[in-house]
Amino acid sequence: MRWDGQRLDAEEPATLPGMPTMRGLLRSVEVPEFPGVTFHEVRSKSALNEVPDPSPMPFRWTINPYRGCSHACVYCLAGDTAILMADGRQKAIADLRVGDRIVGTEVRGSYRHYVTTEVLAHWSTVKRAHRVRLADGTELVASGDHRFLTGRGWKHVTGAMAGRDRRPYLTTNDELLGFGCSATAPAACADYRRGYLTGMVRGDANLAVYHYERAGRRHGDQHRFRLALVDPQGLDRTQEYLALEGIRTARFEFSPATDRRRAMAGIRTSSAASVRGISELVAWPEQPAEAWHRGFLAGVFDAEGSRSRHVLRISNAADDMLERTQLAFAHFGFDAVLEDRGLANRVRSVRLRGGLREHLRFIHLVDPAIRRKCAVVGTAVKSDADLRVVGIEDLGLEMPMYDITTGTGDFVANGVISHNCFARGTHSYLELDTGRDFDSQVVVKTNLVEVLRRELARPSWRREHVALGTNTDPYQRAEGRYRLMPGVIGALAASGTPFSVLTKGTLLRRDLPLLAAAARDVPIGLGVSLAIGDDELHASLEPGVPSPRARLELVRAVADAGLSCGVFLAPVLPGLTDRLADLDATLAAIAEAGASGVTVVPLHLRPGAREWFSAWLAREHPQLVPRYRQLYRRGASVDPEYRRWLAGRVAPLLARYGLDRQSGGGARGTDTPAGIPGDADADFPAGSLPAAPGGAPPPPTRPGRSAAAPAEQLTLG
């Protein structure tokens, strides 16, 4: 391998035991977060890479923190796996989105605790499936590479004691950590709604008819319904459920906030018909359905329940309310006990026993509206659930699976703690192949930030524009482990160097505050590469890359942060992603997300990538092989006639959605067209450099070169 150019002159060659000597290599490591991926950690001589002549790139300098790409996915869980959200609810992993707040864990002192974290990336692939069964009935379907936390550390679903597959793996001697199987959320059917209203109204509302005798006049009956709560979620649900029954209520301020109390709002009605209707809705049923029991427990918990210091109680003074609460608990097999402290007001409590395991089963079973009582954040990871592994079964099939990257490196899946996962030509230079090695052999420049600061401080540095993401993705999943980009952003901004970033990785969201701050000091440009809108094609061609929807949400997040964001619709694949309806739908979604401009680039098949893509095409779409041979008969670039055809197809669409230059990139109120130089797949620059904030001129292009695209590139927007 050509490692010598990656080391500092003062650095002595280093190797790991049993590895051949490679000059410049600090170490090669395989870490549990990325099974099947080897990270070659090096100390680089340089951080700024000068683009060699006669490249048509409109910029002179690039930075590549990584060589190779860890976007390829090897973990994954079945799509219906329930993930614990920060508000205590559960959501299928397939339905998660970047930015969702979920529950992870972190070690505090001697114990691991549940904490709130954020989904930083989300993707799907197809993997061989295994079923893990636990003693409490919990089942998980995962790939063999997935890891779960046991009492003896993280372990893969499958592995071996020796040989190539040697790694810690689950056996029937292991016990997982978490709270175990829970319950599915109820549907808001008529019985559930009536049960909820019964628990809420009987628990905390004022519902009455007051009779007044007035001599010689008609009676003065007054009808009253009033409900006041601190938490608006309970009021919202009650008002909604009453409206579905044709009963309208008015919202009002019950009491303002004070130094000691929070503000309270209420709903009310004084209509005789409405009060009569509410009374009928909350009458005790003779044979309550299961859904009524669920709704009743949710309503009475919202009205009179509390959960603090690991104790869940529902309190009331009425005998019938306490009796019905105990019956509903018993209906679902909960262990609940009545506590009577002999208070003068006769308020007693029904306490649910069983700790966090039963608390969460209750919360998921009944789905209260008030979520502050449902959070687990701050609770230690302790449970009496029987989470012994009783079986691991190879299902003998491949199925769609999903995984996420989180801020804590883990998440809660089906009630147990699960671990998350965190350009090809350059690999040929290092004597690694451009197919599997590109995905599994990643070179990491561990001293990149240190070297970059030194280079930027040189008197000879002219503060020319620097492009990131033009070769390999700086926000690939490996960035979640090595965190090089915050230092790169800080160094460039502090030196007054304008820069741009092009990425497919949703980890960019992590650094949006840094980028927003940097944009106040130097011109920056941000771009998101988006090639495929079809989920099935995406899973086949880009299995480890964040989904198209996740990348559109990234564009939206960048725009919401006040930054201009261009989109590279690249590469467009002839016969696969160039249909008019597909292009129209994709560009409409890009405009709606807030992109300030779009650059459309057809597929470019340079050596290395050509062989890899051709093998994929022959395997997945053999009928297209003759067409691609014709289109790329002249080399890496597509036939000029196809470029002209594609230009004619997309030009009116870009104009329609305000994404062309003439329209000024007017999507979502932005008025500056954006383009990010370069794209790892297409190997072409954008047609314009990013505009600087405040109308400043764009950063300088490479001397002797124009910022216009080369003749063989399609640049629109």
ALA330: modelled with pLDDT of 95 or more and open to solvent by 30 Å² or more (accessible area, probe 1.4 Å), yes or no? yes
Provide a single number: the residues in the stretch 638-673 that are assigned to a helix (DSSP H, G or I) and modelled with pLDDT of 90 or more. 17
Tell me whether the stretch 593-612 contains one or more residues that are loosely packed, with under 14 Cβ neighbours inside 10 Å, modelled with pLDDT under 90, of a type in the set (Phe, Trp, Tyr) and part of a helix (DSSP H, G or I). no
The listed residue being hydroxyl-bearing (Ser, Thr, Tyr) and either at pLDDT 95 or above or under 30 Å from ALA561 (Cα atoms) (or both), out of SER124, SER143, SER110: SER124
Step by step: first the residues of the stretch 379-404, then only those that are modelled with pLDDT of 90 or more and among the acidic types (Asp, Glu), then the one that is least open to solvent (accessible area, probe 1.4 Å). Which residue is that? ASP386
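Just to check your reading of the model, which residue among GLY234, GLY299, GLY266 is small (Gly, Ala, Ser), more than 25 Å from ALA330 (Cβ to Cβ) and not in a loop (DSSP other than H, G, I, E, B)? Even if it seems obvious, please write down each step before you answer.
Details: GLY234 fails: more than 25 Å from ALA330 (Cβ to Cβ); GLY299 fails: more than 25 Å from ALA330 (Cβ to Cβ).
Among GLY234, GLY299, GLY266, only GLY266 is small (Gly, Ala, Ser), more than 25 Å from ALA330 (Cβ to Cβ) and not in a loop (DSSP other than H, G, I, E, B).
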Restricting attention to the stretch 501-512, does a residue exist that is open to solvent by 20 Å² or more (accessible area, probe 1.4 Å), touching a helix residue (DSSP H, G or I) at 6+ places or on another chain (Cβ under 8 Å) and over 29 Å from GLY409 (Cα atoms)? no
Residue satisfying condition, being touching a helix residue (DSSP H, G or I) at 6+ places or on another chain (Cβ under 6 Å) and open to solvent by 40 Å² or more (accessible area, probe 1.4 Å), within set GLU290, GLU280, GLU304: GLU304
Looking at this structure, is GLY635 small (Gly, Ala, Ser), modelled with pLDDT under 90, more than 30 Å from VAL522 (Cβ to Cβ) and surrounded by fewer than 17 Cβ atoms within 10 Å (Cβ to Cβ)? yes
Among (1) open to solvent by 10 Å² or more (accessible area, probe 1.4 Å); (2) over 21 Å from PRO548 (Cα atoms); (3) under 28 Å from the mean Cα position of the chain (by Cα), there is one condition ALA467 misses while meeting the rest; what is its number? (1)
Failed condition for SER46, given (1) in a loop (DSSP other than H, G, I, E, B); (2) modelled with pLDDT of 80 or more; (3) under 21 Å from ARG477 (Cβ atoms), with all others met? (3)
Quick check: is even one residue across the stretch 475-490 touching a helix residue (DSSP H, G or I) at 6+ places or on another chain (Cβ under 9 Å), open to solvent by less than 10 Å² (accessible area, probe 1.4 Å), within 23 Å of THR599 (Cα to Cα) and modelled with pLDDT under 95? yes
Do you know which of the residues in the stretch 178-191 that are in a loop (DSSP other than H, G, I, E, B) and among the hydrophobic types (A, V, I, L, M, F, W, C) is surrounded by the fewest Cβ atoms within 10 Å (Cβ to Cβ)? ALA187
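The values are calculated or read from the model by the stated rules, or taken from the named source; none is laboratory data. Just so it is clear, the model here is predicted, and its values are computed rather than measured. When we count neighbours, we look across all protein chains shown, and the Cβ atoms used for this are built from the backbone with ideal geometry, even at glycine. Calculation scope for accessible area: heavy atoms of the full protein, side chains included, ligands and nucleic acids excluded. Shrake-Rupley method; radii C 1.70, N 1.55, O 1.52, S 1.80 Å.
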